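Heads up: the structure comes next, in structure tokens.
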Amino acid sequence: MLKDNYVRKLNRTNEQHQQEVSNLKRVLDKVYRWFPSFKRFLNMERECLQSGFSEEQTDKLLHGQTVNYSGWLHSNENRRNALADNVKAQVIMDDKRNMFLHINETPFAQWFKEQFGIGQEQRRGLRR
């Protein structure tokens, strides 16, 4: 009998949880429809955090501010880290409201490749 009560309570809790998740998904779908750039902001937030920026730095970047940064930056695309020494990071939005992370006014992917001389004949002095 105790086991039956536990199972019923567990099932009820699971149903409530599923209902809450369903409600949140509906709200999020509306947010995406009403504010198309919202998803772009979430994606850029993830990119900035994964690249090595703190929550505070990421918040500034998403508000269009320039952030001076020194430390390791990570590229998921290249699966490598590069040491950035006093660089200026900024998120740029184009005419179509797409967002791009730039380092020293260079797109992040291009800046990162330049640090390793990818596509060039010689590597520059880079600390890894």
Considering 65, 50, which residue is within 18 Å of residue 113 (Cβ to Cβ) and free of Cβ contacts under 8 Å to residues at least 60 places away in the same chain?
-> 50
Among the residues of region 4-13, is any touching a helix residue (DSSP H, G or I) at 6+ places or on another chain (Cβ under 8 Å), of a type in the set (A, V, I, L, M) and not in a loop (DSSP other than H, G, I, E, B)?
-> no
Within the bounds of region 107-120, is there any residue that is in contact with a His (Cβ under 7 Å, 6 or more places away or on another chain), among the hydrophobic types (A, V, I, L, M, F, W, C) and surrounded by 11 or more Cβ atoms within 10 Å (Cβ to Cβ)?
-> yes
Among the candidates 60, 39, 96, 88, single out the residue that is out of contact with any helix residue (DSSP H, G or I) (no Cβ under 6 Å at 6 or more places or on another chain), at pLDDT below 95 and of a type outside the set (A, V, I, L, M, F, W, C).
-> 96
If you check 51, 22, which single one turns out to be hydroxyl-bearing (Ser, Thr, Tyr) and within 11 Å of the chain's Cα centre (by Cα)?
-> 51
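The values are calculated or read from the model by the stated rules, or taken from the named source; none is laboratory data. Note that the coordinates shown come from a computational prediction; the quantities given were computed from them, not determined experimentally. All Cβ positions, glycine included, derive from the backbone under ideal geometry; neighbour counts span all protein chains shown.
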